[in-house]
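The values are calculated or read from the model by the stated rules, or taken from the named source; none is laboratory data. Quick caveat: nothing in here was measured; it's all calculated off a predicted structure. Cβ sites come from the backbone with ideal geometry, for glycine too, and all protein chains shown count toward neighbours.
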Amino acid sequence: MSTPTSPATPAAPSADLPALREEYAALQARGLALDLTRGKPSAAQLDLAEPMLALPGLGVHRDPDGTDVRNYGGLAGLPGLRRIFAELLDVPAEQLLALGNASLTLMHDAMTYAHLWGVPGSQQPWGREDKITFVCPVPGYDRHFTVCEAFGVQMVTVPMTPDGPDAEAVADLVANDPSIKGMWVVPTYANPDGAVVSQAVARRLVSMPTAAPDFRIFWDNAYAVHHLTEHETTSADVLRLAAEAGNPDRPIMFASTSKISFAGAGVAFLAASPANIAWYTQHLSVQSIGPDKINQLRHLMFFRDAEGVRAHMRKHREILAPKFAAVDRVLTRRLGDRGVATWTRPQGGYFVSLDVVPGTASRVVELAAGAGIALTPAGATFPYGRDPQGSNIRLAPSMPPLAEVEEAMDAVATCVLLAAAEAAA
Ligand code: PMP
C-alpha cells in the first residue's frame, strides 16, 4: 500500500518568492549533478550478484536435468529456473516460460503477435481492426505507453487507487467498447505509485464482462519480490482467479530478474493459460531456437531455490529502504505542512510518485534541471506525455548513494516550493 501524505491544496504564499529565489540561487551555485530519472539499481545492488559472473564456470555445462546448456533448444527455458520463478510468481511451472533478457521485449512481442495473428479468441488479427484501444491506469509506466504509441494503439486512462486500477472505471469502459482489446496492470508496487492490486480488484478485472471477446490484461509483475519492508506482500494469484472466473486466457503475466540480478542481463518470464502459452510459443518458435540457457543456468546455480531469491531480495532491501526513508524524511521536513505536495510511501518497488501544485510539474522539473538535478520529465507517467493536471513527477531514488538522495530531495523540495510560489504570484 502507498499512502499519500498531506493534501495538495495550492498556495505557498507568493510572499515567500524573494526568499525562495535566493535559496534557489544558492542551490544553483552548489553545482550539483544528481540523477533521479530512471529506476536503475545502484552499483552496490549490482555487486550483490557479482559472484554470478563466475558461473556456471569452466567445465560446467549441464543443468540438473542433464541438458547441455551450450547447445540449441529448450524454447521454454530451463525447467529448474522455471520452477523457482513459478513458486515466486504463484503460477504453475508448466505455464511459465523462462526466456531472454528483458520482459519489455516479451510485452512488445505479445503485442506484435496479437497485431499480426490475433490471440486465442480473436476473430481477426488486431492489426486488421479499424481501431484498437488499451486501458492505461495513470500514473503509469512510460514504456507501456510507448509500446501502445508505436503500434497506433489508442490509450484511455483510468485512475490508480491504493488497491490498483479503479476496477469499476475499467469495467464501465470495457463493457461496451469492442475496440478495447487490453489493459496494462503493474500489480505489485506499481510504477510509479507503489500501489498493490488487491485480490478483490484482481478478481473484478478477470471476471468483468468485456465487449471484446479477446481482451487481454498485460499483467506486468516487474516488482513481485521487490519489498521495502519486512512485510513481503504476495501478489494476487491472477491466473487462478481468471480460470475460476471462466476467463483463463485473459491475463498474460510478465516478470524478470532485471532488478534481482543484473538490469538488462537477467532472465525474463511469461506466464499465462495453457492456450496462451501454446499461442506464444508457436510464434516464438519462428523467431528463436531457444533462449540463452547459459545465463539461465547461472541464475539457477546462484539462487538455487525460491528462498534463495527471497534472501537475495532482502539484501537489496537493506540498500534501498534507507533511500526511500530519506525521500520521505526530507519531503516531510521541507513540505509536510506547506500544502503544496503529496507523495507516496511505497512498501516496495522502485519509485515515489510526487504530486505538486497542479500546473507546476514541468516548472519543478525545469527548476531542478537548472540546479543540476535530473528528474523524469513531467508528464512521462501519462500517455503521450500529457498529464492533464500537470502535477505528477516520478522520483527514482535507487541509483544515487544515500547522501546524494538526501541532497537531491532537499533541492527538489526547494524547486517545488519556488514553483508553487511563482504560480501563486
Ligand atoms: N515493467 C516495469 C513496470 C518496469 O518498471 C520496468 C523497468 N523499469 C520494466 C518492466 C522493464 O523490465 P525488463 O528489464 O525486464 O525489460
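Table for the structure above
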| item | result |
| --- | --- |
| Scan of region 80-94 for residues that are assigned to a helix (DSSP H, G or I), under 22 Å from residue 240 (Cβ atoms) and either more than 16 Å from the ligand (Cβ to nearest atom) or outside the structural domain of residue 264 (by TED's automatic domain parsing) (or both), ordered by number | 82, 83, 84, 86, 87, 93, 94 |
| Hits in region 43-63 - residues which are surrounded by 13 or more Cβ atoms within 10 Å (Cβ to Cβ) and in contact (Cβ under 8 Å) with a residue 60 or more places away in the chain | 44, 45, 46, 48, 49, 52, 55, 56, 60, 63 |
| Qualifying residue in region 336-343 (condition: aromatic (Phe, Trp, Tyr), under 15 Å from residue 192 (Cβ atoms), more than 16 Å from the ligand (Cβ to nearest atom) and touching a residue at least 24 places away in the same chain (Cβ under 8 Å)) | yes |
| Helices (runs of 4 or more DSSP H) wholly inside region 229-311 containing at least 3 residues that are more than 21 Å from residue 219 (Cα to Cα) | 274-287, 293-303 |
| Residue match in region 269-292 (condition: within 22 Å of the chain's Cα centre (by Cα) and within 13 Å of the ligand (Cβ to nearest atom)) | yes |
| Residues being acidic (Asp, Glu) and either closer than 26 Å to residue 137 by Cα or in contact with a Gly (Cβ under 8 Å, 6 or more places away or on another chain) (or both) - total across region 314-361 | 2 |
| Long-range neighbours under 6 Å by Cβ, at least six apart or interchain, first residue in contact (Cβ under 8 Å) with a residue 60 or more places away in the chain and over 24 Å from residue 93 (Cβ atoms) within region 305-321, second surrounded by fewer than 16 Cβ atoms within 10 Å (Cβ to Cβ) and of a type in the set (Gly, Ala, Ser) | 319/44 |
| Checking residue 200 against (1) surrounded by fewer than 20 Cβ atoms within 10 Å (Cβ to Cβ); (2) not in a helix (DSSP H, G or I), the condition it does not meet | (2) |
| Among the candidates 121, 127, 77, residue that is within 16 Å of the ligand (Cβ to nearest atom) and either assigned to a helix (DSSP H, G or I) or not hydroxyl-bearing (Ser, Thr, Tyr) (or both) | 77 |
| Residues (within 16 Å of the ligand (Cβ to nearest atom), of a type in the set (Ser, Thr, Tyr) and touching a residue at least 40 places away in the same chain (Cβ under 8 Å)) located in region 130-163 | 141 |
| Extreme residue, nearest to residue 274 (Cα to Cα), among residues of region 109-118 that are within 16 Å of the ligand (Cβ to nearest atom) and not aliphatic (A, V, I, L, M) | 109 |
| Scan of region 242-261 for residues that are farther than 15 Å from residue 182 by Cβ and surrounded by fewer than 21 Cβ atoms within 10 Å (Cβ to Cβ), ordered by number | 243, 244, 245, 246, 248 |
| Residue under evaluation residue 179, criteria (1) touching a residue at least 60 places away in the same chain (Cβ under 8 Å); (2) out of contact with any helix residue (DSSP H, G or I) (no Cβ under 9 Å at 6 or more places or on another chain); (3) over 17 Å from residue 382 (Cβ atoms), criterion not met | (1) |
| Selected residue [of a type outside the set (S, T, N, Q), under 30 Å from residue 323 (Cα atoms) and within 15 Å of the ligand (Cβ to nearest atom)] from 34, 106, 46, 97 | 46 |
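Here is a yes/no grid of residues against (1) surrounded by fewer than 20 Cβ atoms within 10 Å (Cβ to Cβ); (2) charged (D, E, K, R):
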{"position": "319", "(1), (2)": "yes, no"}
{"position": "324", "(1), (2)": "no, no"}
{"position": "337", "(1), (2)": "yes, yes"}
{"position": "341", "(1), (2)": "no, no"}
{"position": "350", "(1), (2)": "no, no"}
